[in-house]
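Each remark here refers to the structure printed beneath this line.
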Amino acid sequence: MKAVEEGRGALSEWLAAQPKNFYDADSLLRILVERAGLGDRIGALEAFGAVAAGPLDAAAIENNRPGNLPVLDSHDGIGRYVARIMHHPSYHRAGKLIYGSGVMAAYAEIPNPHPFILSLFYLSAHVGEGGHNCPLACTAGAIRALQTLGTDEQKAAWLPRLLTPVYGDHYAGAQFLTEVQGGSDVGANAVVAERQTDGSWHIAGEKWFCSSADADVFVVTARPEGAAGGTKGLGLFLVPREVGGEPNGFVLRRLKDKLGTRSMVTAEIDFEGARAEQLGSLEHGFRNTMELIIDTSRLYNAFGCAAMAHRAYLVARGYAEHRRAFGETIGRFPLVKETLSMIRADAEAALAGSFWLAQIQQRVDGGEASDDEAAFLRMGLNLNKVRTASLSHDAVNRGIEILGGNGTIETFSVLPRLLRDNVVFENWEGTHHTLRMQVLNDALRLGLHEGFFAMLEKRLGSERLRSDRQAFDLCLKEQDTLLLRRVCDHLGSWIHLAALEDIDEPGIRARAELTTLRHLSEDPSRDGYGDLIERCAS
């Protein structure tokens with residue numbers, strides 16, 4: 001019995017020792033925030049870091065218990081269709097905490113302060129998707145589309161409610177692009193927009209994968225009657241959830257039974273003449289969708305993956321410091337030290353690269369970016385999204401490995417849920433294959449790789465990049481899509497290493513060296529590897 005008590009006592013100590021503030025627990029985030037000149041924002045980040053690690057985490061855990069997940073309650077008591085989603089009270093507690101951080105309200109600043117906003121989101125995503133973090137990304141896209149494309153009337157009608165930090169008064173946005181026959185082949189989309197005599201539009205057709213299906217405003221792609229085929233014929237439209245207090249010409253067919261992100265509703269929706277407003281010019285509908293909505297979501301996606309990887313490190317490190325086996329804590333074993341170093345290195349790489357892209361996005365929005373920076377952003381968003389999703393998947397999986405059999409138990413830690421959430425993140429906003437092909441096509445059509453490599457070479461030098469530059473040039477010449485997988489993964493790692501290049505903190509430098517060995521070396525073994533792991537763990 002004494003052994004049992006000691007074992008359970010060690011687990012209790014592990015739980016008690018988990019960070020009380022996700023901002024304070026992240027040395028790299030603090031460095032990046034300070035170097036970005038966000039000193040006046042640190043108080044807000046510290047405050048929300050404590051909220052995220054405390055009441056928000058508790059609410060997300062409670063909301064994700066099987067009996068507390070959202071359900072479709074489509075009709076009221078007398079049989080009227082109301083398109084209602086019922087949520088457990090813990091969902092609303094989480095929403096109040098997240099929106100209360102001011103994460104969406106900060107978009108009222110022009111140009112949008114992306115590094116600050118996405119740092120708040122990063123802290124929130126330590127709890128996983130949490131029911132609201134995907135809607136944050138969707139709402140951000142709707143806000144940016146309205147700010148850039150909206151008429152004065154549209155801005156006045158929608159932005160105040162999208163920007164408010166008061167949960168319950170706020171509007172959430174959603175983006176409905178995917179159709180059953182299309183998927184990543186958006187040009188195959190068939191939902192139709194019909195112009196009305198009053199200048200509005202009616203939307204008809206089926207959208208197949210509609211996350212944040214209980215949002216207040218939908219951003220929808222549709223093809224105006226008589227428009228060209230392919231992506232060139234797609235327009236972008238704003239669809240209110242309700243008109244006159246009634247569901248606006250749509251039916252929630254069913255909720256998706258997803259592997260992860262289960263506390264956030266995803267549905268299949270049939271539009272049956274939904275009243276809509278044109279958003280921007282019809283001929284630029286697809287381009288606007290990509291630049292303002294999808295690219296925004298891809299950056300959110302990357303920050304979310306980085307956050308889940310860092311949370312995996314925090315959980316696994318604490319466990320290793322308290323779990324005893326064979327007479328000592330398991331964190332003293334070399335293989336455990338190596339695994340923890342790998343998790344932390346990947347989490348830091350994902351955060352650094354994503355933060356750099358957020359800084360460049362703010363410069364692009366403000367008209368301050370060079371052509372090279374603009375090219376780097378467009379190509380880097382796709383490469384970074386692929387790489388962060390893969391790194392985070394492996395990081396969470398390794399965290400589960402540290403916990404052993406306990407790591408597979410849903411009630412033991414957040415890691416099983418984070419792994420499931422991450423799998424969904426990997427396939428949202430473009431699969432790995434789609435994004436790699438977009439990188440290739442953008443290079444072939446627009447020559448974006450020239451500016452991309454110029455930005456990397458400024459930080460890393462041309463010699464370090466020579467082999468992968470030659471391999472990418474071969475991909476272009478031969479249009480070799482099989483070689484493209486390895487090359488794009490390498491380029492994603494180079495983004496991360498370039499973002500870490502001038503950070504002098506010894507542990508971060510050691511972990512950047514480990515990233516180079518693991519992801520860019522043909523043979524990661526070398527003399528002094530054990531010493532490197534010790535430096536990574538310092």
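The values are calculated or read from the model by the stated rules, or taken from the named source; none is laboratory data. Remember, predicted model here, so these are calculated numbers, not experimental data. Note: ideal-geometry Cβ built from the backbone for every residue, glycine included; neighbour counts use all protein chains shown.
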Here's a check for you: in region 68-118, which residue that is aromatic (Phe, Trp, Tyr) and within 24 Å of residue 268 (Cα to Cα) is surrounded by the fewest Cβ atoms within 10 Å (Cβ to Cβ)? 81
Candidate set: region 93-132, residues that are in contact with a Ser or Thr (Cβ under 6 Å, 6 or more places away or on another chain) and part of a helix (DSSP H, G or I); chosen: the one nearest to residue 166 (Cα to Cα): 98
Would you confirm whether any residue within region 176-195 is surrounded by 13 or more Cβ atoms within 10 Å (Cβ to Cβ), of a type in the set (S, T, N, Q) and either in contact with a Pro (Cβ under 9 Å, 6 or more places away or on another chain) or modelled with pLDDT of 95 or more (or both)? no
Across region 102-142, what is the number of residues that are without any contact (Cβ under 8 Å) to a residue 60 or more places away in the chain and among the small types (Gly, Ala, Ser)? 2
So which residues in region 520-538 are out of contact with any Asp or Glu (no Cβ under 7 Å at 6 or more places or on another chain) and touching a residue at least 24 places away in the same chain (Cβ under 8 Å), if there are any at all? 520, 530, 534, 535, 536, 537, 538
From the residues in region 8-55 that are in contact (Cβ under 8 Å) with a residue 60 or more places away in the chain, more than 22 Å from the chain's Cα centre (by Cα) and not in a helix (DSSP H, G or I), which one is nearest to residue 359 (Cα to Cα)? 19
A careful count of residues in region 430-458 that are surrounded by fewer than 23 Cβ atoms within 10 Å (Cβ to Cβ) and among the β-branched types (Val, Ile, Thr) gives 2
In region 269-284, which residue that is of a type in the set (A, V, I, L, M, F, W, C) and closer than 13 Å to residue 241 by Cα is nearest to the chain's Cα centre (by Cα)? 269
Would you check if there is a residue in region 353-376 being in contact with a helix residue (DSSP H, G or I) (Cβ under 8 Å, 6 or more places away or on another chain), more than 23 Å from residue 443 (Cα to Cα) and surrounded by 22 or more Cβ atoms within 10 Å (Cβ to Cβ)? yes
Only one of 109, 5, 62 that is modelled with pLDDT under 95 and charged (D, E, K, R): 5
Do you know which of the residues in region 273-326 that are more than 25 Å from residue 375 (Cα to Cα) and basic (Lys, Arg) is surrounded by the most Cβ atoms within 10 Å (Cβ to Cβ)? 311
The one condition in (1) surrounded by fewer than 17 Cβ atoms within 10 Å (Cβ to Cβ); (2) assigned to a helix (DSSP H, G or I); (3) among the β-branched types (Val, Ile, Thr) that residue 411 fails to fulfil: (2)
Take residue 427 and decide whether it is surrounded by fewer than 20 Cβ atoms within 10 Å (Cβ to Cβ) and either over 24 Å from residue 467 (Cβ atoms) or modelled with pLDDT of 95 or more (or both). yes
If I ask for residues that are over 22 Å from residue 174 (Cα atoms) and in contact with an Asp or Glu (Cβ under 6 Å, 6 or more places away or on another chain), which ones from region 281-309 would you list? 309
